[in-house]
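The values are calculated or read from the model by the stated rules, or taken from the named source; none is laboratory data. The model shown is predicted, which means the values in this text are computed figures rather than measured ones. FYI the Cβ positions are ideal-geometry reconstructions off the backbone, even for glycines, and counts take in every protein chain you see. Accessible surface areas use protein heavy atoms only, side chains included; no ligands, DNA or RNA. Shrake-Rupley method; radii C 1.70, N 1.55, O 1.52, S 1.80 Å.
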Amino acid sequence: MFSIERKDFGPDFTFGVATAAYQIEGGQTDGRGPCIWDSFAKTPGNVINADEGSVACDHYNRWPQDLDLIRDGGFDAYRFSFAWPRLIPGGTGAVNQAGVDYYDRLIDGMLERGIKPYGTLYHWDLPSALQDQGGWMNRDIAGWLGDYASLVGKKFGDRLAATATINEPWCVAFLSHFLGVHAPGYRDIRAAARAMHHVLFAHGTAIDALRAEGVKNLGIVLNLEKSEAATDKPEDIAAANIGDALFNRWYLGGVFKGEYPEELIKVLGPHMPDNWQRDMETVSRPLDWVGINYYTRGLYQHDASVNGFPISQVKGPLEKTESGWEIYPKGLEELLVRVSREYTKLPIYVTENGMAEVEGDNDPRRVSYYEEHLKAVLNARAQEADVRGYFAWSLLDNFEWAEGYAKRFGIVHVDYNTQERTPKSSYRAFQGMLHNSK
Ligand code: IFM
C-alpha cells in the first residue's frame, strides 16, 4: 500500500499506465509490415537471448483483458502507441484496414471502460521500407511522419484525449544512431547529428499535420535524466554539463526555445543537415503539454579517451534496479521544477516512470519506488511545477528492447508461456490508492 492518497494530487490529476506497440502487441499478421526492430532483433548479438516481438504479450488479441486490468486498477488513462507498420505497412502509401480496425476496437474499448486514450504516434517501430531510404537520417522523414500523423488524426483524432508525436527522441536519435544500442544500430556521428535534428523537425511537422486534422491536446514525450558530476572536480562538472546538453538540453532547447546547445553544435555542426537553422521554427511549434519520462540520473566524469564528447558515465553508489539504474526520486522532483522554471509553463505529465525488478508478483521494492517518485511529483507541484498526471511504466512485463524479456517492468506479471496475467503488489498498491479515494 502507498502512504499517499489520491486526494493529495487534487481532483483533476490523471493516473494512468503506459505501454508501447512493439513491446506488447505481437500480432505481426493481418497485413502489418516489417519494422526496424524486427530485423534488428533477428541480428545475432543485438538483443539478449535473441528475443523478439512477434508474439510479445499478445496484446493484439488479448487487449480486452488488458483494458479490464486498467479499469479494475482504477486508472483514468491508458498511454499506448500506434504501430506505424500496422497502419501503413510500407511507411508511406497504402493503408492497412485491419490495422485501422484494430485501433478502432482498442480505442472504443477504452472509452467503453471509462479509460482516456493517450496515443503516441511513434514509439520506435519505424517501417523497414523507410529505413531502406535512410530512416531518421533522411530529411523526408518529416513528410513521412506528417502523412502518417494525418491518417491517425483523421481516423482516431476525435477520440484521443491527448496525442504525443515522438516517444523519447534521445533514444530515437542518439541511442540508436550514435551509441548503436537500439535499432537501427548505427554508431556514427553524422548519422546521429542528422537523426537528432530530423526527429524534432518531424515532430513539429507532425504537430502541424495533427492540428490541420483538428486534433486537440498535442505534445511530445521527452526522456530526461538528472545529469550530475561524479566528483566536484571542474572537469567532471563540465562533463556533466555536456551530458546534460546531449540528453536534456538538445530536446528541451529545441522544442521550447528553437535552439540547440552551442557546445554541441561546435562538435556536431559539420555533420548537421544543410540549412538546419531554417527548420527551427517548425521544431519549436507551440504545444499543449509536455510529457517527461524519468527513470534515473546520469553520473559523468571527464574522459579524454572519448572522441567528440570527452565524457563517460560512472556507476553510482545508490541502490539500483534490475536494469542497474540508480533509484533517485529527487532527480524527478528537480527535473520537473527545472522544466517548469526554465522551459515551459505548459501542463507537464510524467508519461513514464517505473523500474525493472526480479520476476514475481510480490514486488515491494517497486511499491516503494513508485511511492517515492509520486512523493517527488507532489514536491514538484508544491514548487509550482504544473504536473497534471502520472503514468506508470508499465502495465505489463514486456519486450524491453535490447534487454529482451529478461527485464520486467510490469505492475502485472506476464507468463510468456501461457500469456497469463497476474497483478503484482505494485498494481494492488495503485488500485488501493485509486479506488479508495475516487
Ligand atoms: O521500455 C522502455 C520504454 O519503451 C521507453 N522508456 C523506457 C522504458 C524502460 O526502459
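Of all the listed residues (G99, G31, G93, G45), the sole one being within 18 Å of G153 (Cβ to Cβ), away from the ligand (no atom under 16 Å from the Cβ), modelled with pLDDT of 95 or more and open to solvent by 20 Å² or more (accessible area, probe 1.4 Å) is G93. Filtered by the rule that a residue be among the polar types (S, T, N, Q) and more than 16 Å from the ligand (Cβ to nearest atom), region 273-298 gives N275, Q277, T282, S284. Only residues that are under 17 Å from the mean Cα position of the chain (by Cα) and in a helix (DSSP H, G or I) were counted in region 8-35, giving 4.
Can you tell me which of A238, A202, A230 is modelled with pLDDT of 95 or more and buried (at least 21 other Cβ atoms within 10 Å of the Cβ)? Steps first, please.
On the way: A238 fails: buried (at least 21 other Cβ atoms within 10 Å of the Cβ); A230 fails: buried (at least 21 other Cβ atoms within 10 Å of the Cβ).
It is A202.
Among the criteria (1) farther than 26 Å from I242 by Cα; (2) in contact (Cβ under 8 Å) with a residue 12 or more places away in the chain, the one Q133 does not fulfil is (2).
Can you report the number of residues in region 317-331 which are away from the ligand (no atom under 16 Å from the Cβ), within 24 Å of V358 (Cβ to Cβ) and surrounded by fewer than 17 Cβ atoms within 10 Å (Cβ to Cβ)?
Residues meeting the conditions: 3.
Figure legend. Inter-residue proximity from region 396-411: first residues at positive phi, second residues open to solvent by 10 Å² or more (accessible area, probe 1.4 Å) and within 11 Å of the ligand (Cβ to nearest atom), beta-carbon distance below 7 Å, spacing 6+ or different chains. Indicated pairs: W401/H182. All of (1) within 16 Å of the ligand (Cβ to nearest atom); (2) outside any loop (DSSP other than H, G, I, E, B) hold for Q301 with one exception: (1).
For region 159-189, a residue qualifies if it is more than 16 Å from the ligand (Cβ to nearest atom), outside any helix (DSSP H, G or I) and open to solvent by less than 10 Å² (accessible area, probe 1.4 Å), and the qualifying residues are A162, T163. Scanning region 374-431 for residues that are open to solvent by less than 10 Å² (accessible area, probe 1.4 Å) and away from the ligand (no atom under 16 Å from the Cβ) gives L374, A376, V377, A380, A385, V387, G389, K424, Y427, A429, F430. Hey, does region 120-134 have a residue that's closer than 20 Å to T351 by Cβ, within 14 Å of the ligand (Cβ to nearest atom), modelled with pLDDT of 95 or more and in contact with a His (Cβ under 6 Å, 6 or more places away or on another chain)? No, there is no match, as no residue in region 120-134 is closer than 20 Å to T351 by Cβ, within 14 Å of the ligand (Cβ to nearest atom), modelled with pLDDT of 95 or more and in contact with a His (Cβ under 6 Å, 6 or more places away or on another chain).
Yes/no matrix, rows are residues, columns are (1) free of Cβ contacts under 8 Å to residues at least 12 places away in the same chain; (2) closer than 24 Å to A20 by Cα; (3) in a strand (DSSP E or B):
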site: S305; (1), (2), (3): yes, no, no
site: S323; (1), (2), (3): no, yes, no
site: V337; (1), (2), (3): no, no, no
site: L346; (1), (2), (3): no, no, no
site: L374; (1), (2), (3): no, yes, no
site: V377; (1), (2), (3): no, yes, no
site: A380; (1), (2), (3): no, no, no
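Would you be able to tell me the number of residues in region 50-87 that are surrounded by fewer than 20 Cβ atoms within 10 Å (Cβ to Cβ) and either touching an Asp or Glu at 6+ places or on another chain (Cβ under 6 Å) or within 15 Å of V100 (Cα to Cα) (or both)? Looking only at that region, the number is 1. Identification of helices (runs of 4 or more DSSP H) wholly contained in region 190-274 with 3 or more residues that are under 29 Å from Q301 (Cβ atoms) and in contact with a Ser or Thr (Cβ under 6 Å, 6 or more places away or on another chain) yields 234-244.
Quick one: would you say R105 is farther than 21 Å from T29 by Cα and at pLDDT 95 or above?
For R105, the condition - farther than 21 Å from T29 by Cα and at pLDDT 95 or above - is not met.
Look at (1) more than 21 Å from L434 (Cβ to Cβ); (2) of a type in the set (K, R); (3) within 16 Å of the ligand (Cβ to nearest atom) and you find that R366 fails only one, number (1).
How about region 45-135: which helices (runs of 4 or more DSSP H) wholly inside it have at least 2 residues that are in contact with a helix residue (DSSP H, G or I) (Cβ under 9 Å, 6 or more places away or on another chain) and closer than 19 Å to G410 by Cα? Reasoning before the result, please.
Numbers: elements: 59-72, 84-87, 97-112, 128-131.
Of the helices (runs of 4 or more DSSP H) lying wholly inside region 45-135, those with at least 2 residues that are in contact with a helix residue (DSSP H, G or I) (Cβ under 9 Å, 6 or more places away or on another chain) and closer than 19 Å to G410 by Cα span 59-72.
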